[in-house]
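**Student:** Once you've had a glance at the structure underneath, I'll fire off some questions.
The values are calculated or read from the model by the stated rules, or taken from the named source; none is laboratory data. These figures come from a predicted structure and were not determined experimentally. With ideal geometry, Cβ positions are generated from the backbone for all residues, glycine too; neighbour counts draw on all protein chains shown.
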Amino acid sequence: MKLHNFWRSGTSHRLRIALNLKGLDVEYVAVHLGKDAHLTDAFKAINPQQLVPALDTGKQVLIQSPAIIEWLEETHPTPALLPADVDARARVRALAAIVGCDIHPINNRRILETLRKTFGADEAAINAWCGTWITAGFDAYEALLASDPHRGRFSYGDAPTVADVYLVPQVESARRFKVDLTRWPLISAIDQACGELEAFRKAAPAMQPDAA
């Protein structure tokens, strides 16, 4: 399999974590967003949406990280990234959606470039924008963690789930945009626990071959 991705992309980061947790090796294909490599005709032929990541399985090209992660869970069910209990699965999916639906989409590169180029936002404004939505999402995530009697070392229980796959790249993004993480001790503890696992360490942006 070939993974078309960018080292600092949060969606690429989450997919790298999921692939590592599943024990799958892929060929790393760098798509340099800073040099507009995603806007070329060559990449458009791979992903008409011109976004990363895209996973070429050899039979098809999968796009959109939530869909790819679900595909991985269905085609490589062990180790599971979702709990067996249906109510627990809903909770884990909701935690992941806080990041995947409500934080990341309005803080991703397309949005930030529009704020810079169209609305004249400087880096202080960009950091404030990102901090606003990260704070709103992390406040809710932290509250859900605090109210969960089944909470363990990770977002749910004592093994990483899809929720952690989504959370850790967003924590990395929070650091990038200078958000003070001390506000969320439970999230910080989970990030630390994930950082002790090779699957998460290998997926980190700084560890990628195209890292700048």
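**Student:** Among the residues of region 20-42, what is the count of those that are under 18 Å from residue 8 (Cα atoms) and not β-branched (Val, Ile, Thr)?
**Tutor:** 12
**Student:** With respect to the numbered conditions (1) in contact (Cβ under 8 Å) with a residue 60 or more places away in the chain; (2) touching a Ser or Thr at 6+ places or on another chain (Cβ under 7 Å); (3) exposed (fewer than 15 other Cβ atoms within 10 Å of the Cβ); (4) not β-branched (Val, Ile, Thr), which one is the sole condition not fulfilled by residue 167?
**Tutor:** Residue 167 satisfies all of (1) in contact (Cβ under 8 Å) with a residue 60 or more places away in the chain; (2) touching a Ser or Thr at 6+ places or on another chain (Cβ under 7 Å); (3) exposed (fewer than 15 other Cβ atoms within 10 Å of the Cβ); (4) not β-branched (Val, Ile, Thr) except (3).
**Student:** Just to be sure I understand the filter: pairs with C-beta atoms under 6 Å, separated by 6 or more residues or on different chains, first member in region 112-133 and under 16 Å from residue 180 (Cα atoms), second member surrounded by 11 or more Cβ atoms within 10 Å (Cβ to Cβ) and of a type in the set (D, E, K, R). Which pairs pass?
**Tutor:** 127/178
**Student:** Residue check, residue 190 against (1) of a type in the set (A, V, I, L, M); (2) more than 30 Å from residue 28 (Cβ to Cβ); (3) in contact (Cβ under 8 Å) with a residue 12 or more places away in the chain, all met but one. Which one?
**Tutor:** (2) is the only condition that residue 190 fails.
**Student:** Moving on to the next point. Out of 66, 53, 48, which single residue is touching a Gly at 6+ places or on another chain (Cβ under 8 Å) and outside the structural domain of residue 101 (by TED's automatic domain parsing)?
**Tutor:** Only one candidate passes the filter, namely 66.
**Student:** Looking only at residues in region 62-105 that are under 18 Å from residue 51 (Cα atoms), of a type in the set (A, V, I, L, M) and without any contact (Cβ under 8 Å) to a residue 12 or more places away in the chain, which one is surrounded by the fewest Cβ atoms within 10 Å (Cβ to Cβ)?
**Tutor:** Among those that are under 18 Å from residue 51 (Cα atoms), of a type in the set (A, V, I, L, M) and without any contact (Cβ under 8 Å) to a residue 12 or more places away in the chain, it is 67.
**Student:** Here's something else I'd like to know. Out of curiosity, is residue 109 touching a residue at least 40 places away in the same chain (Cβ under 8 Å) and not assigned by TED's automatic domain parsing to the domain that holds residue 10?
**Tutor:** yes
**Student:** I'd like to know if region 161-175 contains one or more residues that are over 18 Å from residue 9 (Cα atoms) and at pLDDT 95 or above.
**Tutor:** Looking for residues that are over 18 Å from residue 9 (Cα atoms) and at pLDDT 95 or above, one finds at least one in region 161-175, hence yes.
**Student:** Tally time: how many residues in region 140-155 are of a type outside the set (Ser, Thr, Tyr), at pLDDT 95 or above, buried (at least 16 other Cβ atoms within 10 Å of the Cβ) and assigned to a loop (DSSP other than H, G, I, E, B)?
**Tutor:** Result for region 140-155: 1.
**Student:** Of everything in region 180-193, what is of a type in the set (A, V, I, L, M) and surrounded by fewer than 22 Cβ atoms within 10 Å (Cβ to Cβ)? Give them in sequence order.
**Tutor:** Matches in region 180-193: 181, 186, 187, 189, 193.
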